[in-house]
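Have a look at the structure below, then the notes.
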Amino acid sequence: MSALDAGDFAALWLSLKLAGVVTVLLLVLSTPIAWWLSRSRSRLRDPIAALITLPLILPPTVLGFYLLLAMGPDGPIGKVVAFFGLSPLPFSFAGLVVGSFFYSLPFVVQPIQNALEAVGQRPLEVAATLRAGPVDRFFTVLLPLARPGFVTAAVLGFAHTLGEFGVVLMIGGNIPGATQVLSVQLYDHVEALDYARAHRLAALMLGFSFAMMLVLQWLRRRNAATTDLGY
Amino acid sequence: MTLSGVVKICLLPLFSILAATVVNAEPLRIAVASNFAQTLEQLIEDYRQHTAVDLVLAKGSSGKHYAQLQRGAPFDLFFSADDDFPQRLVDAGLASHCILYAYGQLVLWPTSEEISDPAQALGQFEYRRFAIANPRLAPYGRAAEQVLAFLGVAPSPEQLVKGENIAQAYQFIYTGNAQGGLVARSQMRTEDHYIPVPRHWHEPIRQAVVIMGSSRQPQAAAEFINYLATPAAERIITAGGYLIPPPTDHCGGQQ
């Protein structure tokens with residue numbers, strides 16, 4: 001396989017950067033959401049859970065089109081962004097981060113939520129009787145017990161963002177170095193009938209995705225062996 | 001299963017065969033570039049007043065159609081957004097009768113009422129984001145790039161946002177995310193303010209049609225192509241925002 005050209009490398013790097021940034025953001029923000037979903041008895045719980053799950057069902061181009069409208073100068077997100085004096089989101093890296101965040105949200109919230117539900121209240125109550133504070137309980141009891149869920153969430157969030165296409169296509173504008181990610185570059189090659197370059201990128205993505213899923217399986221097996229959730 | 005259920009299932013194929021013979025001909029299947037789909041629908045509506053032929057459309061980008069037609073997609077006619085894909089199909093022996101059916105027209109949109117000269121608006125280039133179709137993929141994008149080069153305008157990479165096709169370039173402007181762009185005249189609604197870009201600022205956007213070699217009704221396909229040259233058809237094409245190619249121009253360029 002011959003080398004990728006500079007444009008392909010830029011796209012690859014941009015995709016990795018996007019997936020990395022989005023994964024970190026998702027893990028940080030999904031944890032409280034998943035916690036709330038796993039514990040709340042509020043009447044809002046189900047509608048909010050449904051809302052978060054929507055990107056699983058909606059065609060990405062539909063999601064992208066609504067994001068384009070919402071981020072536009074007359075849209076709700078666009079107005080908030082303008083209020084804070086920030087530059088508009090569409091056609092920028094920041095815009096892709098926001099779009100990818102919503103797009104990958106269910107893939108991160110659900111594994112974490114499942115893991116938190118599996119841990120249940122009891123270990124936390126026991127820890128509380130041993131005078132562990134809330135922060136202590138979170139970091140030394142909940143997090144280690146729910147670790148497999150977090151690992152799955154991180155890998156799925158990263159992989160899903162890496163392969164994202166429809167949303168980026170709709171809000172990206174194909175700017176090299178800013179919004180021209182791997183999947184869009186690949187699509188361009190295919191559409192321009194440059195099948196050789198398309199093949200190289202596709203093979204790379206295929207190999208990478210397979211490796212990532214393999215690591216996920218391996219981590220799951222290891223976690224199942226080392227963490228004792230069988231109480 | 002009841003007896004009547006069995007009878008129904010056995011009779012079903014028979015009924016469908018009967019139904020097919022009553023309708024007699026299969027429809028003409030047409031692969032059409034998205035930008036021309038609306039005009040083609042109007043053409044078909046007019047055409048069907050004179051003939052009994054059924055026509056069904058598949059809309060999509062010319063590149064995708066081309067990739068599928070190369071691999072035997074079952075279409076009788078291919079209305080491309082350029083003449084390159086049709087010519088390639090002819091060269092590969094997969095199609096015949098490459099004919100130009102329209103010249104695409106570029107417009108600068110939106111424009112304020114007081115501006116009448118596109119060179120002035122493009123020369124100042126006060127756009128934070130300017131939308132065109134991707135020149136690598138779309139003929140309208142290539143023409144837009146030629147217009148900018150002709151005027152010596154060099155937007156920064158961040159200023160120039162590229163839609164996958166001309167519909168997306170339109171969408172970027174429509175949603176207010178780009179302040180202007182070069183899009184197709186066929187996309188403009190009556191209330192839009194736009195200025196047509198002079199034709200000599202770019203190579204003509206030659207939109208060509210071919211009859212696929214795999215067609216089982218090349219005669220009906222040829223008749224529809226002949227219809228395109230009638231005054232009634234040319235009126236519809238012109239009203240759709242296209243120009244009628246001069247007879248001196250041919251598929252594959254001036255000869």
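The values are calculated or read from the model by the stated rules, or taken from the named source; none is laboratory data. Here the structure is a predicted model, which means the values were calculated and not measured. Glycine gets a Cβ as well: all are built from the backbone with ideal geometry, and neighbour counts include every protein chain shown. Areas reflect the complete protein model, heavy atoms only, side chains present, ligands, DNA and RNA absent. Shrake-Rupley method; radii C 1.70, N 1.55, O 1.52, S 1.80 Å.
Tabulated results
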quantity: Residue pairs meeting the criteria (Cβ under 9 Å; at least 6 apart or on separate chains; first modelled with pLDDT of 85 or more, in the stretch A:181-195; second of a type in the set (Phe, Trp, Tyr) and buried (at least 20 other Cβ atoms within 10 Å of the Cβ)); calculated: none
quantity: Filtered residues of the stretch A:174-183 (kept if surrounded by 24 or more Cβ atoms within 10 Å (Cβ to Cβ), more than 8 Å from chain B (Cβ to nearest Cβ) and in a loop (DSSP other than H, G, I, E, B)); calculated: A:THR179, A:VAL181
quantity: Whichever residue in the stretch A:26-43 is part of a helix (DSSP H, G or I) and of a type in the set (Gly, Ala, Ser) and, among such residues, is surrounded by the fewest Cβ atoms within 10 Å (Cβ to Cβ); calculated: A:SER38
quantity: Enumerated strands (runs of 3 or more DSSP E) restricted to the stretch B:143-251, each holding at least 3 residues that are more than 14 Å from every other protein chain (Cβ to nearest Cβ) and within 30 Å of A:HIS189 (Cα to Cα); calculated: B:180-184, B:205-212
quantity: Unmet requirement for B:ILE132, which otherwise passes all of (1) among the β-branched types (Val, Ile, Thr); (2) within 14 Å of another protein chain (Cβ to nearest Cβ); (3) farther than 26 Å from B:SER62 by Cβ; calculated: (3)
quantity: Residues located in the stretch B:88-104, provided they are of a type outside the set (D, E, K, R) and farther than 21 Å from B:ASN134 by Cα; calculated: B:LEU89, B:VAL90, B:ALA92, B:GLY93, B:LEU94, B:ALA95, B:SER96, B:HIS97, B:CYS98, B:ILE99, B:LEU100, B:TYR101
quantity: Test: residue in the stretch A:159-173 that is open to solvent by less than 10 Å² (accessible area, probe 1.4 Å), at positive phi and within 14 Å of chain B (Cβ to nearest Cβ); calculated: yes
quantity: Boolean, A:LEU51 is within 14 Å of chain B (Cβ to nearest Cβ) and either part of a helix (DSSP H, G or I) or more than 16 Å from the chain's Cα centre (by Cα) (or both); calculated: no
quantity: From the options B:PRO247, B:PRO218, B:PRO155, B:PRO204, residue that is surrounded by fewer than 17 Cβ atoms within 10 Å (Cβ to Cβ), within 30 Å of B:ASP91 (Cα to Cα) and touching a strand residue (DSSP E or B) at 6+ places or on another chain (Cβ under 8 Å); calculated: B:PRO218
quantity: Only listed residue being modelled with pLDDT of 95 or more and among the acidic types (Asp, Glu), chosen from B:GLU158, B:GLU145, B:GLU126; calculated: B:GLU145
quantity: Criterion: within 14 Å of the chain's Cα centre (by Cα) and at pLDDT below 90 - qualifying residue of A:GLY133, A:GLY163, A:GLY177, A:GLY120; calculated: A:GLY163
quantity: Test: residue in the stretch B:37-48 that is modelled with pLDDT under 90 and either in contact with a Ser or Thr (Cβ under 9 Å, 6 or more places away or on another chain) or open to solvent by less than 70 Å² (accessible area, probe 1.4 Å) (or both); calculated: no
quantity: Residues satisfying the stated conditions in the stretch A:73-103, i.e. of a type in the set (Gly, Ala, Ser), out of contact with any Leu (no Cβ under 9 Å at 6 or more places or on another chain) and surrounded by 18 or more Cβ atoms within 10 Å (Cβ to Cβ); calculated: A:SER92
quantity: Residues being surrounded by fewer than 21 Cβ atoms within 10 Å (Cβ to Cβ) and within 12 Å of chain B (Cβ to nearest Cβ) - total across the stretch A:190-208; calculated: 7
quantity: Failed criterion for B:ARG29 (all others in (1) basic (Lys, Arg); (2) in contact (Cβ under 8 Å) with a residue 40 or more places away in the chain; (3) surrounded by fewer than 16 Cβ atoms within 10 Å (Cβ to Cβ) hold); calculated: (3)
quantity: Unmet requirement for B:TYR127, which otherwise passes all of (1) within 25 Å of B:SER61 (Cα to Cα); (2) surrounded by fewer than 24 Cβ atoms within 10 Å (Cβ to Cβ); (3) within 14 Å of another protein chain (Cβ to nearest Cβ); (4) over 16 Å from the mean Cα position of the chain (by Cα); calculated: (1)
quantity: Candidates B:GLN179, B:GLN187, filtered to the one that is surrounded by fewer than 17 Cβ atoms within 10 Å (Cβ to Cβ), touching a residue at least 40 places away in the same chain (Cβ under 8 Å) and assigned by TED's automatic domain parsing to the domain that holds B:GLU113; calculated: B:GLN179
quantity: Test: residue in the stretch A:139-157 that is within 14 Å of another protein chain (Cβ to nearest Cβ) and in a loop (DSSP other than H, G, I, E, B); calculated: no
quantity: Index of the failed condition, B:SER112 passing every other in (1) surrounded by 21 or more Cβ atoms within 10 Å (Cβ to Cβ); (2) away from chain A (no Cβ under 14 Å); (3) part of a loop (DSSP other than H, G, I, E, B); calculated: (1)
quantity: Where B:GLN68 falls short, out of the listed (1) over 28 Å from A:GLY172 (Cα atoms); (2) in the same structural domain as B:ALA33 (by TED's automatic domain parsing); calculated: (1)
quantity: B:ALA73 vs. criteria more than 14 Å from every other protein chain (Cβ to nearest Cβ), within 23 Å of the chain's Cα centre (by Cα) and in a strand (DSSP E or B); calculated: no
quantity: Pick from the stretch B:204-231, criterion over 19 Å from the mean Cα position of the chain (by Cα) and of a type outside the set (Ser, Thr, Tyr), ranking: nearest to B:VAL147 (Cα to Cα); calculated: B:PRO231
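Conditions (1) assigned to a loop (DSSP other than H, G, I, E, B); (2) modelled with pLDDT under 95; (3) surrounded by fewer than 17 Cβ atoms within 10 Å (Cβ to Cβ), marked per residue:
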position	(1), (2), (3)
B:THR51	yes, yes, yes
B:ASP82	yes, yes, no
B:ALA102	no, no, no
B:VAL107	no, no, no
